[in-house]
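Here's the structure we're looking at; comments come further down.
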Amino acid sequence: VLYLKAEIIRALMTSPTQYLTYSDITVGKEAVASLKIKNNSNQDVTLSNFEVTPETVTINLKNKVTLKPGQEVELEAKVKPEKKGYLNMTVKMNTTHPDHPEFVIQGYGNVKESAIFNSK
């Protein structure tokens with residue numbers, strides 16, 4: 001019997017988690033989730049063509065962002081929900097790294113009813 005243990009380090013990684021997690025979201029109140037994207041490769045990597053769904057979510061990264069080896073950037077996603085329920089969101093981007101031509105980050109949260117704003 002042979003056991004192998006390996007620690008896989010991807011060229012692009014997110015921390016502290018792989019998801020944008022909204023912990024306390026209320027209708028009508030802006031919520032922010034963030035994580036860091038790190039370039040673990042030995043080459044410069046450019047992130048570009050950012051696509052966010054749904055469109056009510058906005059992110060702080062625009063145009064192109066180039067990360068040198070070992071460098072990281074913070075991705076911040078803001079949303080102001082209009083109705084209660086479960087929130088799913090996605091941030092897609094293209095990269096210049098051959099192993100990750102497209103990099104996708106998922107986000108989620110549970111939107112609660114507000115005492116001030118009525119959901120639609």
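The values are calculated or read from the model by the stated rules, or taken from the named source; none is laboratory data. Just so we're clear, the structure is a prediction, and the values are computed from it rather than from any experiment. In this analysis, Cβ positions are derived from the backbone assuming ideal geometry, glycine residues included, and neighbour counts consider all displayed protein chains. Surface areas here come from the heavy atoms of the whole protein model, side chains and all, with no ligands, DNA or RNA. Shrake-Rupley method; radii C 1.70, N 1.55, O 1.52, S 1.80 Å.
Some values worked out for this structure:
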{"quantity": "Unmet requirement for Thr26, which otherwise passes all of (1) hydroxyl-bearing (Ser, Thr, Tyr); (2) touching a residue at least 24 places away in the same chain (Cβ under 8 Å); (3) out of contact with any Gly (no Cβ under 9 Å at 6 or more places or on another chain); (4) under 20 Å from Lys92 (Cβ atoms)", "calculated": "(4)"}
{"quantity": "Selection within the range 3-25 - open to solvent by 60 Å² or more (accessible area, probe 1.4 Å), of a type in the set (Gly, Ala, Ser) and either within 30 Å of Val79 (Cβ to Cβ) or touching a His at 6+ places or on another chain (Cβ under 9 Å) (or both)", "calculated": "Ser23"}
{"quantity": "Subset of the range 54-70 [touching a residue at least 12 places away in the same chain (Cβ under 8 Å) and open to solvent by 80 Å² or more (accessible area, probe 1.4 Å)]", "calculated": "Thr56, Lys62, Asn63, Lys64, Lys68"}
{"quantity": "Residues that are modelled with pLDDT of 90 or more, assigned to a loop (DSSP other than H, G, I, E, B) and either open to solvent by less than 30 Å² (accessible area, probe 1.4 Å) or in contact with a Cys (Cβ under 8 Å, 6 or more places away or on another chain) (or both), drawn from the range 28-44", "calculated": "Ser41"}
{"quantity": "Index of the failed condition, Thr90 passing every other in (1) at negative phi; (2) touching a residue at least 40 places away in the same chain (Cβ under 8 Å)", "calculated": "(2)"}
{"quantity": "Residue within the range 82-96 that is under 16 Å from the mean Cα position of the chain (by Cα) and in a loop (DSSP other than H, G, I, E, B) present", "calculated": "no"}
